[in-house]
Amino acid sequence: MLSYLCISLGIISAQFFQLPRSIAFILLIGCASSYCWLHFKSPIANLQLQRGIIWIVLFIGCLAYADLRISARLARVIKEPISQLTVKAHLIAPIQNKGSYLQSQIQIDAGSFKGQDMLLFFQPNTPLLPQYQYQLTLNIRPLNIPSNFYAFNYQQYLVAQNITANASLVEHPQIQKTSYAPSALINTQRVNLINYLQKTLADKQYSGLVIALVTGYQNLIPADQWTIFKNSGITHIVSISGLHITLVAGMFVILINFLLRLLPPTKIPRQIILVWAGVLAALAYSLLAGFTIPTQRTFYQLLVMAYLLSRRSYLPLINKLGLTLVLVLLMDPFASFSIGFWFSFIIVATIFIVISNYARISSKLALWVRMHCFITLVSVPLSLFLFACFPPISFVANLWAIPIIGNIMTPVIVVASLFHLSWIITICADILNYTMLPIEYLAKIQPYHQQTPNLVVVILAYLGIILLLIPRSLAGKNILGAILFASLFFVDNRADLSYGELQINAFANPKSGYVFAQTQKHNLLIIAGNDATKTSQQFSMTVLPFLTSQNIQKIDYLIANQSESEIKDILERNQIHVADTKLEQDSSLDGVEIENIAFENQIALRLREKNGNLSYIGSGYQRFNEQNWQNIVIIYPLMSLKWLYQEHVNNLLLNYPQTQSRSIHALADNINLDVKNIYDLPQGGSISLKNNSITTIKAE
């Protein structure tokens, strides 16, 4: 088991340690040779020392292996824009409706980018079907998605999904032929099943949930239902999990067993034939459901079990999970970048540990409740670390949702969908309306929010949970475990501001501009843009994760150049109260003097700290009689910035739309610009300024 952990830790560590390719290659070859020598011809007499050296070699070798795989994936990512590129490609994912445009994924079939996957954007009513290969004329753009404090790293997610660029369709697609590529065939079947379920469940409240339970396609679930799942802590129910895969595999095994009984006996034992048939069925359904991390885990677990059965070998449950973890990471080192990876393996490991340690409990109900308690417990540190919140009602909600929706309704829906039994699907959708009533009621209880704990605190909390899981009666282990776990709730990462001090957090977004400024006791949220709808949409992805991670509960002043009603609604829904949307022309907040100049749709704030440092935050409008600035933050330029040539600036932060990138770069490169430090937010990510110190997203 320790060997599996060393391999896994080595691969996961590649997220944090990037080695040059030449060094990684030399290390990989050296570690492979050293492992063979130590394993087969080692002169070391001390067995424990030999094992320790082997574990170190496995860790370093797998770190080098993962670095090589990650660097190879990153090398395929397109770095420069390409216009009017004609390619032959096919769809590899269902089409998603994004409102004003549609989105899908394509795989290039021919040309210099053959085999690469791209994110495709195109207009509604464009005829694209999954079963055909098309000739497409595309404008290719690098991913270049800005990163922000505590926000979801969408670019990292796309690279992990093997996406190399964004592609916009510029001409009408031309059908070339029917595509028989495996990815096209799988996507065709998935889209057909989605379309069938959409027609069958056209007027059903939870039709999107049913489709997600069967196909893994979650785009049809409305936002209000996602809120219900989040507040009640049952979002895992929506994902294709081990239950679904095992069910399909079991059905196929039953069918093959029936057919084998009609045939004469074979030399291969029937049990082995059946288990490998189940593996093939699990693989087929996993691919149909998108081959996400939970489906990969289940498939590889079944693969390990089939291999062990064929070899007449035995491994404990937790060792099987460890071997599965190794397989998942070896096949794709980017798997550890997925949130589902951590939840899936941590929860299943908890289930296996509880089964192994408490199998002697005579009451199955008592064992199930104990298991459910520990599953809830292990979910808390990860939820707080990733989302800065945890639904306290999740224990009760899952006591209802897992057996009723997960164990009873989901198998029936999956079977009915695979065999196109429309009447059963419709009945299940109607029953689901009533099944969800208790969940809807529980979801009215808001999740618990707090500051995001750091990684050290999370590790300590899991050490505490491990102590609580150990069945042995060690002196004081439960008290120590409870103390370590409770450390999660005593987190205060915020640096205290003194009277007259100011902290500026500037966020990167090419569609709108956002700055969150803090004095000793007041919070200001400044927003600029030219499209109120886009501004509110981007706010949830750009700024809201930061506010929730810092447990911000009040915005004293919300200053925007457009209607702030939608932003205010978003904040209120997330338990963040907005006190005022107007700031006087001259104000003093905790010793920071603020001058606010409003002109049409422009924003311009001058902030003077107690030590005399001057900061400008605005959209480019400047009517202040100052020329020496500590910080100038252009949150979203809505007018010319030529006035910057007349200023002396220590730190210049620039956030801008893609259409202005050329003019902004020309400004930044001009030798007449008297600026000490220039920070390009769309390229480098969000920035935090405080006391002449700067924190970047990369430093975080």
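The values are calculated or read from the model by the stated rules, or taken from the named source; none is laboratory data. Since we're looking at a predicted model, the values are computed, not measured. Note that we place each Cβ from the backbone using ideal geometry, even for glycine, and neighbour counts take in every protein chain shown.
Quick notes on this one:
- Candidate set: segment 108-150, residues that are exposed (fewer than 15 other Cβ atoms within 10 Å of the Cβ) and at positive phi; chosen: the one modelled with the lowest pLDDT: GLY111
- Test: residue in segment 192-211 that is surrounded by 14 or more Cβ atoms within 10 Å (Cβ to Cβ), farther than 15 Å from ILE413 by Cα and hydroxyl-bearing (Ser, Thr, Tyr): no
- When the test is whether a residue is within 23 Å of ARG141 (Cα to Cα) and outside any strand (DSSP E or B), LEU158 passes it.
- Within segment 255-269, the set of residues being assigned to a helix (DSSP H, G or I) and either loosely packed, with under 11 Cβ neighbours inside 10 Å or not assigned by TED's automatic domain parsing to the domain that holds ARG312 (or both) comprises PHE258, LEU259, ARG261, LEU262.
- The residues on offer are ALA486, ALA517, and the sole one that is aliphatic (A, V, I, L, M), surrounded by 13 or more Cβ atoms within 10 Å (Cβ to Cβ) and outside any loop (DSSP other than H, G, I, E, B) is ALA517.
- Qualifying position, being closer than 30 Å to ILE459 by Cβ and at pLDDT 90 or above, among SER383, SER422: SER383
- For LYS568: the one exception among (1) among the basic types (Lys, Arg); (2) in contact (Cβ under 8 Å) with a residue 40 or more places away in the chain; (3) in contact with a strand residue (DSSP E or B) (Cβ under 8 Å, 6 or more places away or on another chain): (2)
- Residues that are within 24 Å of LEU558 (Cβ to Cβ) and among the aliphatic types (A, V, I, L, M) number at least 2 in the following strands (runs of 3 or more DSSP E) confined to segment 608-698: 614-618, 628-634, 648-654, 687-690.
- For segment 270-317, the candidate set comprises residues that are surrounded by fewer than 16 Cβ atoms within 10 Å (Cβ to Cβ) and charged (D, E, K, R); within that set, the residue that is farthest from the chain's Cα centre (by Cα) is ARG270.
- Of all residues in segment 527-548, none satisfies being over 29 Å from SER100 (Cβ atoms) and over 22 Å from the mean Cα position of the chain (by Cα).
- Verdict on ILE466 being free of Cβ contacts under 8 Å to residues at least 12 places away in the same chain and surrounded by fewer than 18 Cβ atoms within 10 Å (Cβ to Cβ): no
- Summed over segment 161-220, the residues that are of a type in the set (Lys, Arg) and either within 22 Å of the chain's Cα centre (by Cα) or within 16 Å of ALA89 (Cβ to Cβ) (or both) give a count of 1.
- Put simply, of ILE11, ILE92, ILE78 the only residue that is in contact with a Pro (Cβ under 9 Å, 6 or more places away or on another chain), more than 26 Å from LEU136 (Cβ to Cβ) and surrounded by 15 or more Cβ atoms within 10 Å (Cβ to Cβ) is ILE11.
- Residue check for PHE507: surrounded by fewer than 13 Cβ atoms within 10 Å (Cβ to Cβ) and not polar (S, T, N, Q): no
- If the condition is being touching a residue at least 40 places away in the same chain (Cβ under 8 Å) and part of a helix (DSSP H, G or I), then segment 542-565 contributes THR542, PRO545, PHE546, THR548, SER549.
- Members of segment 46-92 that are among the hydroxyl-bearing types (Ser, Thr, Tyr) and out of contact with any helix residue (DSSP H, G or I) (no Cβ under 9 Å at 6 or more places or on another chain): SER83, THR86
- Residue check, THR695 under 30 Å from PHE385 (Cβ atoms), surrounded by fewer than 21 Cβ atoms within 10 Å (Cβ to Cβ) and of a type in the set (Val, Ile, Thr): yes
- Every listed requirement among (1) surrounded by 13 or more Cβ atoms within 10 Å (Cβ to Cβ); (2) small (Gly, Ala, Ser); (3) assigned to a helix (DSSP H, G or I) is met by GLY500 save one, (3).
- Residue list for segment 435-456, filter: under 21 Å from the mean Cα position of the chain (by Cα) and either of a type in the set (Gly, Ala, Ser) or surrounded by 14 or more Cβ atoms within 10 Å (Cβ to Cβ) (or both): PRO447, TYR448, HIS449, GLN450, GLN451, THR452, PRO453
- Test: residue in segment 318-332 that is of a type in the set (Ser, Thr, Tyr), in contact with a Lys or Arg (Cβ under 8 Å, 6 or more places away or on another chain) and without any contact (Cβ under 8 Å) to a residue 40 or more places away in the chain: yes
- Breaking point among (1) within 36 Å of the chain's Cα centre (by Cα); (2) touching a residue at least 24 places away in the same chain (Cβ under 8 Å), for ASP669: (2)
- Positions within segment 358-412 being in a loop (DSSP other than H, G, I, E, B) and farther than 30 Å from LEU455 by Cβ, in sequence order: ALA359, ARG360, ILE361, SER362, SER363
- Flag: LYS204 does not match the condition of being of a type outside the set (Gly, Ala, Ser) and under 19 Å from LEU136 (Cα atoms).
- Being hydroxyl-bearing (Ser, Thr, Tyr) and in the same structural domain as LEU255 (by TED's automatic domain parsing) is a condition met by no residue of segment 456-479.
- Total residues in segment 567-605 satisfying the condition of being surrounded by 15 or more Cβ atoms within 10 Å (Cβ to Cβ) and within 19 Å of GLY529 (Cα to Cα): the figure is 14.
- Qualifying positions in segment 234-248 - in contact (Cβ under 8 Å) with a residue 40 or more places away in the chain and not hydrophobic (A, V, I, L, M, F, W, C): HIS236, SER239, SER241, GLY242, HIS244, THR246
- Residues being within 21 Å of VAL159 (Cβ to Cβ) and either assigned to a loop (DSSP other than H, G, I, E, B) or in contact with a His (Cβ under 7 Å, 6 or more places away or on another chain) (or both) - total across segment 6-55: 7
- Matching entry among LEU128, LEU136 (being touching a residue at least 12 places away in the same chain (Cβ under 8 Å), touching a strand residue (DSSP E or B) at 6+ places or on another chain (Cβ under 8 Å) and part of a strand (DSSP E or B)): LEU136
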